[in-house]
Amino acid sequence: MKPTAPDMRVRFAGLELRNPIIAASGTFGYGIEFNEIVALNRIGGFVVKGLSRQPMAGNKSPRLIETAAGMLNAIGLQNIGVQGFIEKKLPELNKIPGCVVIANVFGYAVEDYIAVIAALNDAEGVAAYELNASCPNTSHGGMVFGTDPDLLYDLVRKAKAASQRPLIVKLSPNVTSISLMARAAQDAGADVLSLVNTFLALSIDVETRRPRIANMTGGLSGPAIKPIAVRMVYEASKAVRIPILGMGGVSSAEDAVEFMLAGATAVQVGTANYADPRATENIANGLEKWCSQHNVAKVADLTGAMQI
Ligand SMILES: Cc1cc2nc3c(=O)[nH]c(=O)nc-3n(C[C@H](O)[C@H](O)[C@H](O)COP(=O)(O)O)c2cc1C
């Protein structure tokens, strides 16, 4: 008799995803660019690159370099603005049945975040919002909110009040206590947390003696950060009751399992999309196979199942 396939569904904040693999913001464009490469309705969902109130040109080049087991970027949140997304990208995405779109929201001030959320509230076809309170690559904003618990609380409380959809709050890893930040976001009304964003980093070309990124500092991502990210997901999951989307260096099914064992309900895949644009779909397929091989009937049972 053929064994029954594992149940790959995961649930958070009233959403049900067909599997726990989600493409991470900033590494999957507006999703639509990947439509020919990845079956967008075979992955759990994807997060659109950060949307701001007005279009943004981003930082000067070079703004992305390879590092040992990772990548350093200072893209500076280049995007077409929330209206551009609603008018040009969302209608295309809405033609793809079963694809789950999460909109990543960014601003320099609380009012900017609220304006983006208000614009998205009127748009059809967005499952949830992910609040980027953690970008290390812009001069004033983003990470400022993500590293001060009082500012984070205020931002999340106002964003939650404005939001007509589930609110995921993306935390910065550039803090001493991730538990403190996780609790501040939960207390302010976050439905879900996602972590981690990139680690603030610097790389210098020893020949020119100049920073290898025009912005000087950038955000480190990829396999190099994975063990730190897994530790932070574990700590955050112990500090809050709300679900967690874990990320940081996931490039295989086993990596996804590791984040789930640490406490993540679902997992995002970022930098791995640069090495292999099909990474999300491959990892989703690999995870199903892994569950079958390990007699895991429900993938959701992996969440928080680390044995101590
Ligand atoms: C090129 C690039 C652009 C990114 N842009 C965003 C963004 O717009 N908003 C955001 O919340 N995170 C952004 N991130 C962070 C990723 O979503 C993710 O949190 C981080 O890279 C860690 O996961 P990874 O190691 O799998 O890449 C970006 C990351 C990279 C590498």
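FYI, it's all coordinate maths here, none of it is from the lab. These numbers come from a predicted model, not from an experiment. Heads up, the Cβs are rebuilt from the backbone with ideal geometry, glycines too, and the neighbour counts pull from every protein chain shown.
Calculated from the alpha-carbon coordinates, the range 31-112 shows an Rg and a Dmax of 14.6, 40 Å respectively.
Summing Cβ point charges (Lys, Arg +1; Asp, Glu -1) relative to the Cα centre of the chain gives a dipole of roughly 80 debye. Along the chain, the longest continuous region that contains none of the GluC sites (Glu not before Pro) in a DSSP loop with at most 13 other C-beta atoms within 10 Å is 208-308.
Taking other Cβ atoms within 10 Å as a rough exposure proxy, THR265, THR67, THR198, THR4 sort from fewest to most as THR4, THR67, THR265, THR198.
Hydrodynamic estimate: the Kirkwood radius of the chain over Cα pairs, inserted into Stokes-Einstein at 20 °C and 1.002 mPa s, corresponds to D of 112 µm²/s. Mind scanning LYS60/LYS170; LYS170/LYS238; LYS49/LYS89 and naming the pairs with a C-alpha gap bigger than 20 Å? Distance filter (> 20 Å) returns LYS60/LYS170. Ranked for footprinting exposure by Cβ neighbours inside 10 Å, fewest first, MET181, MET216, MET56 give MET216, MET56, MET181.
log₁₀ I(q)/I(0) of the range 130-264 at q = 0.11, 0.15, 0.22 Å⁻¹, via Debye over equal Cα point scatterers, no solvent, to two decimals? Relative scattering, expressed as log10 I(q)/I(0), comes to -0.40, -0.70, -1.25. Annotation for the range 187-202 versus the range 30-54: alpha-carbon center distance of 20 Å.
Listed by chain and number, the aspartates and glutamates placed with their C-alpha closer than 16 angstrom to that of LYS95 are GLU33, GLU36, GLU87, GLU124; residues fewer than eight positions away on the same chain are left out. In plain terms, the residue of ARG157, ARG241, ARG53 with the fewest other Cβ atoms within 10 Å comes first and the most crowded comes last, giving ARG241, ARG157, ARG53.
Listed by number, the DSSP H helices of the chain that run 15 Å or longer by alpha-carbon position along their axis and have mean Kyte hydropathy of at least 0.0 are 110-121, 226-239.
In this rough spin-label picture, where each label sits 7 Å from Cα along the Cβ direction, the ALA39-GLU207 distance is 4.6 nm. A Förster radius of 41 Å combined with the Cβ-Cβ distance from LYS60 to GLU254 puts the calculated FRET efficiency at roughly 0.60.
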